[in-house]
Amino acid sequence: LNRFSTDMEIIDVLVPGAFLQFMASFHQLLVVLVLMEIAIWPFIFPLLVIFAIYMVIVILYRASSTELKRLESVNRSPLFSHTGESLDGVATIRAFQQ
């Protein structure tokens, strides 16, 4: 249940803002690249090299980010399950005063 609620929070709160920021940044990037290629056409080759390096970094980041999110979910799970079980058994706990 806790993983589902965290996923829904991410979808509802973080994704729309991140998407708008991505679209604005992507548009700015395209405008800058087009203007650079018009003004300085020999920059095409270094730009391709920079783009290739960037893609390698993105691939490495994506793999590590996914693993960190998985570890975070696994570490949160025992806390949420203990809290849920305690709330489910609150009547029994009160009955035996423990």
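The values are calculated or read from the model by the stated rules, or taken from the named source; none is laboratory data. Fair warning: this is a prediction, and the values are worked out from it, not measured in the lab. Neighbour counts run over all protein chains shown; Cβ positions are idealised from the backbone, glycine included. Note: areas computed on protein heavy atoms with side chains; ligands, DNA, RNA excluded. Shrake-Rupley method; radii C 1.70, N 1.55, O 1.52, S 1.80 Å.
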Can you confirm whether residue 80 is open to solvent by 90 Å² or more (accessible area, probe 1.4 Å), at pLDDT 80 or above and either not in a helix (DSSP H, G or I) or not polar (S, T, N, Q) (or both)? no
Consider residue 70 against the criteria (1) open to solvent by less than 100 Å² (accessible area, probe 1.4 Å); (2) within 18 Å of residue 5 (Cβ to Cβ): it satisfies all of them except one. Which criterion is unmet? (1)
Restricting attention to the range 39-67, the residues that are within 13 Å of the chain's Cα centre (by Cα), open to solvent by 80 Å² or more (accessible area, probe 1.4 Å) and hydroxyl-bearing (Ser, Thr, Tyr) number exactly 2
